[in-house]
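See below for the structure under consideration.
The values are calculated or read from the model by the stated rules, or taken from the named source; none is laboratory data. The shown structure was predicted, so the numbers you read here are calculated from the model rather than taken from an experiment. As a convention, Cβ positions derive from the backbone with ideal geometry for all residues, glycine included, and neighbour counts pool all protein chains shown. Keep in mind that these areas ignore ligands, DNA and RNA; they rest on the heavy atoms of the full protein, side chains included. Shrake-Rupley method; radii C 1.70, N 1.55, O 1.52, S 1.80 Å.
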Amino acid sequence: MPRLIKTYPLEPVSYLLIVCVLLTSCGVQKQITVDPDLNNNSEKWKATVRNTVWAMTRSSFGPFRMTGYEKLDSPRLKNSSHKNISFHLFRREESFSQRKVYTLDVAGLSDTAHLLLFLWFRSKTSEPGFFSKKDNEVISATKDGYGEIITNKDTVPWQFRIESCDMSRYWHTEEMTKGACGHLCYKEDSLFITPVFTFTDSRYDHYPSGKKGVVLSDKNGKPVASLQLTDNNYVWIRKDLPDKTQLAIASLFAVMLGTKDL
C-alpha cells in the first residue's frame, strides 16, 4: 500500500511574500560595471531607441539626439560585394563581404555633428565538399564600421573605427577588457573602445552571452564615457569634457545604438 504524504496549504501571507519577491526581482535594473570616477562626474542618461524595420534606428539620450540619416546610393559609394570560393575534396569555404554607406546628423550642446559611416559585413561559410556529408555552417560573421565626424563649429574631422566585439576575441587574454575593439581620434588625441562583459549586480554577472556595453578611455587608461548595450540602454559621458568632445562621443554612441550589433 503506497505511503501517503501529508501536505499543508500555504497561508495567504506566504503567497503574498512570494509574489513580492518575484516582483522585486523582476524590477531590478541591470547596469554594466562603470568606473566610479566616471560615475561621479557624469549623469546617467537612459537612451531611447526607436525600433524600425530599416537598417538604421534613431536614438536620443540626455541633450543629444540623432536628427536624421540617409543611405547613400551614388555609383561611387554604392554597395559592393564579392564572393571568394575555394574548392576542397571534403569541404568548400565561401567568403562574402558587403558595404553600406550612411550619412547621419546628431544634435546637442548648441551644435550639430555630421557623420559619414561605412559599414562592412563579412561572413565565411563552410559547405560540403565532394566527399563530405556535413551540413552548411557559418565559420565567422562580423560587422565593422568606420568613418568621420565633423561639427558645425570645427573644420577638422574626428576619425572613428568600431570592430565587432565578442567574447572569443578576449577569451584568452589576461584581462578580457584589455584589448581595444575600436577608437575615436581627433588630431593627436585618441580614445579607445573596449568591451564591458560584467554587470554591477553579481546576480547578472555572467560570462556566456558576449559584451554588455563599451567604455571609452583616453591614452592613459582613464574612462571618459560608457554605453550600455543590453537590457536598458544607458549612457555616461564626463561633464568636464569639452562640448565638442562630448558631441563626438555622443555621435559615436548614436552609431552603435543605431546599428544595434556594432
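For LEU247, are the conditions met, namely being at pLDDT below 85, surrounded by 19 or more Cβ atoms within 10 Å (Cβ to Cβ) and among the hydrophobic types (A, V, I, L, M, F, W, C)? Walk me through it before giving the result.
On the way: at pLDDT below 85: no; surrounded by 19 or more Cβ atoms within 10 Å (Cβ to Cβ): yes; among the hydrophobic types (A, V, I, L, M, F, W, C): yes.
So LEU247 fails the test.
Does SER164 qualify as being open to solvent by 50 Å² or more (accessible area, probe 1.4 Å), of a type outside the set (D, E, K, R), at pLDDT below 95 and not in a strand (DSSP E or B)?
Values: open to solvent by 50 Å² or more (accessible area, probe 1.4 Å): no; of a type outside the set (D, E, K, R): yes; at pLDDT below 95: yes; not in a strand (DSSP E or B): yes.
So SER164 does not fit the description; no.
If you check SER123, SER132, SER140, which single one turns out to be modelled with pLDDT under 90 and in a loop (DSSP other than H, G, I, E, B)?
Working: SER123 fails: in a loop (DSSP other than H, G, I, E, B); SER140 fails: in a loop (DSSP other than H, G, I, E, B).
That would be SER132, the only listed residue that is modelled with pLDDT under 90 and in a loop (DSSP other than H, G, I, E, B).
So, in the range 191-231, how many residues would count as being out of contact with any Gly (no Cβ under 8 Å at 6 or more places or on another chain), outside any loop (DSSP other than H, G, I, E, B) and modelled with pLDDT of 95 or more?
Count: 7.
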